[in-house]
Amino acid sequence: MKLGLAQRQAALAGIALLAAVVALAISSDHHHSSALPPPVGAYSALAGSSGVVAYGKHTACGQVLGPTTEGVSQPVLPCGVKLYVNFRGKHVLTEVIDHGPNSSGTQFELTQALAQQLGLVGVQRIVWSYAEAQ
C-alpha cells in the first residue's frame, strides 16, 4: 500500500510528536549533566546533501549557509531540534536549521559540511534519533 505525501508527512509528524513527549517525560526524571544528551529512538530515513549550491542561502531558521555550516533541513521538525545522525558507523549530534528538503524522495537534507563529515554522497539511508532534552 502506497501512502501519499500528505499521509507520510502526517505519520512523520505523529512519530516526531510521540518521540518529543517521550523525551520530555524521560528528561523530567533526570538531573542535568555536562555530557552529551543520550539519543531517544532510532528512525531510518533517506537523506541527501544540499551541496555547495546552497552556500549563501538564508534558512527558515535564520541562518546563512556556508562551507562550515552543519545541520539538517526537515519539513516537519521545528528549528533548533537536536538530532543524532548516524551513517556508516559515524555518529554526529546536529540540529534542524531549515525546513525542506528540496530534493524529492528524501526526508532530510544535510548541509554539505555535515554530509562530508559523515561521508554521505548522493541519497543514502541514514539512522537518526532525537537528542534527549536537557
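Look at region 77-126 and say how many of its residues are free of Cβ contacts under 8 Å to residues at least 60 places away in the same chain, surrounded by fewer than 16 Cβ atoms within 10 Å (Cβ to Cβ) and basic (Lys, Arg).
2
Please find, within region 31-76, the residue that is surrounded by the fewest Cβ atoms within 10 Å (Cβ to Cβ) out of those that are assigned to a loop (DSSP other than H, G, I, E, B) and of a type in the set (Val, Ile, Thr). If you could, list the steps in order and put the result at the bottom.
Taking region 31-76 as the starting set, the residues that turn out to be assigned to a loop (DSSP other than H, G, I, E, B) are 31-38, 50-51, 55-57, 59-63, 65-71, 74-76.
Adding the requirement that they be of a type in the set (Val, Ile, Thr) leaves 59, 68-69, 76.
Numbers: THR59: 20, THR68: 8, THR69: 19, VAL76: 18.
Here the residue is THR68.
Please verify whether VAL96 is in contact with a Phe, Trp or Tyr (Cβ under 8 Å, 6 or more places away or on another chain) and at pLDDT 95 or above, treating the condition exactly as stated.
Taking the combined requirement at face value, the residue does not satisfy it.
Sort through PRO75, PRO101, PRO38 and tell me the only one that's modelled with pLDDT under 95 and touching a His at 6+ places or on another chain (Cβ under 8 Å). Working first, answer last.
On the way: PRO101 fails: touching a His at 6+ places or on another chain (Cβ under 8 Å); PRO38 fails: touching a His at 6+ places or on another chain (Cβ under 8 Å).
On inspection, the qualifying residue turns out to be PRO75.
Tell me, yes or no, whether region 94-102 has at least one residue that is touching a Leu at 6+ places or on another chain (Cβ under 7 Å) and small (Gly, Ala, Ser). If you could, list the steps in order and put the result at the bottom.
Restricting attention to region 94-102, the residues satisfying the condition of being touching a Leu at 6+ places or on another chain (Cβ under 7 Å) are 94-96.
Now restrict to residues that are small (Gly, Ala, Ser): none.
The answer is no; no qualifying residue exists.
Please state which one of VAL52, VAL72, VAL40, VAL64 is in contact with a strand residue (DSSP E or B) (Cβ under 8 Å, 6 or more places away or on another chain), closer than 17 Å to LEU120 by Cβ and among the hydrophobic types (A, V, I, L, M, F, W, C).
Working: VAL52 fails: in contact with a strand residue (DSSP E or B) (Cβ under 8 Å, 6 or more places away or on another chain); VAL40 fails: closer than 17 Å to LEU120 by Cβ; VAL64 fails: closer than 17 Å to LEU120 by Cβ.
Within the list VAL52, VAL72, VAL40, VAL64, the selection yields VAL72.
The values are calculated or read from the model by the stated rules, or taken from the named source; none is laboratory data. Computed from a predicted structure; not experimentally measured. Every residue, glycine as well, gets a Cβ built from its backbone with ideal geometry; the counts of neighbours run over all protein chains shown.
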